[in-house]
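Bear in mind these aren't lab numbers, they're just calculated from the coordinates by the rules spelled out. Keep in mind the model is a prediction, meaning the values are calculated, not measured. Counting neighbours? That spans all protein chains shown, and the Cβs are built from the backbone with ideal geometry, glycine included.
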Amino acid sequence: MKKRRGYIVAGNWKMNKTAAEAVELARGVVREWGNAAGVEVVLCPPFTALEAVARILKDSPVLLGAQNMHPAGSGAYTGEVSAQMLRSFQVSHVILGHSERREYFAESDAFINEKVLTALGNGLKPILCVGETLPQRDQGDTLGVVDAQVRGGLKQVTGEEAENLVIAYEPIWAIGTGKTATPRMAQEVHASIRGILVDLFGSALADKIRIQYGGSMKPGNAAELLLQPDIDGGLIGGASLEVESFTGIIEAAKAR
Ligand code: PGA
């Protein structure tokens, strides 16, 4: 049975691919998946490849996303890019609060919240990433950690804006490790995130917000994860770097 919300599958290319390599990968995705009917597909190349990939995606239903953004409109923030800069390349989505940003660049929930508000205010759809570490899971803190990240990241987001949100649940111990949360483990957290969204925005809106799973998703495990009632897509790292594995996951979403 198709989910009312419709799936969203995004490729987070991280710090991989020169502009020329990114063009080749984007071309491959468009060729294999030019008709993304029923599944929203988003490619998130590094900043340096956004313009080149935008040109490839222009006449296709595949959408363009960025991996980060600064909350300020402009100014003395060496090395950063603004929402408006992303918008000028037809970027529709932006990944915010990825665990690698939280860990290596010390991003706090408050800072991520500023970015979420700026993104929404500028017509960008945030993909807000949340997830626990292995010690946190082992201590039984998963739902508490995720609760704080979701509420912290979404402070002051209005009901009107909420429809444009995407949440990505990414258990940190599953990212790039080959370890995946079991469908049951993931569904438990997704359902709890849905509960928080109901609390924040009411059930009608919460029902429309897509919650992606991320963490070693691949063609072989995508179907069973996507079958879960509150898993509405995937945020794909490693497997998004090859056309075949990425489109294999899209196929799995299409078949649900
Ligand atoms: P992975 O990364 O698919 O390589 O585990 C997911 C992510 O970090 O978004």
Worksheet item: Whole-Å semi-axes of the stretch 13-114's equivalent ellipsoid, largest first, each the root of 5 times a Cα gyration tensor eigenvalue?
Response: 26, 14, 13
Item to complete: Return the whole-Å distance between the Cα centroid of the stretch 73-123 and the Cα centroid of the stretch 172-214.
Response: 22
Fill in: Virtual spin-label span in nm between residue 59 and residue 155, 7 Å along Cα→Cβ
4.7
Worksheet item: Which aspartates and glutamates, on any chain, are close to residue 58 with Cα under 12 Å apart, when same-chain ones fewer than 8 places away are left out?
Response: none
Discussion item. Please compute the modelled spin-label separation between residue 148 and residue 203, points set 7 Å along Cα→Cβ, answer in nm with one decimal.
Written reply: 3.0
Worksheet item: What longest region of the chain stays clear of chymotrypsin sites (Phe, Trp or Tyr not before Pro) that DSSP places outside H, G, I, E and B and that have at most 14 other Cβ atoms within 10 Å?
Response: 106-256
Fill in: Hull volume in cubic angstrom per residue (convex hull over the Cα atoms of the stretch 151-256)
102
Practice prompt. Enumerate by residue number the trypsin sites (Lys or Arg not before Pro) in the stretch 1-97 meeting two conditions: DSSP loop (anything except H, G, I, E, B), and at most 12 other Cβ atoms within 10 Å of the site's Cβ.
Written response: 2, 4, 58
Response to the item:
Beyond 27 Å (Cα-Cα) in this structure, taken from 14/115; 14/254; 155/218; 17/208, we find 155/218; 17/208
Practice prompt. Using Cα pairs closer than 8 Å and at least 6 residues apart in sequence, work out the relative contact order for the chain, in percent.
Written response: 21
Response to the item:
One computes Rg over Rh for the stretch 2-255 from alpha-carbon atoms, with the Kirkwood Rh, and obtains 0.93
Worksheet item: Taking 0.36 nm per residue of separation and subtracting the Cα-Cα distance, what length does fully extending residue 27 through residue 179 add?
Response: 51.8 nm
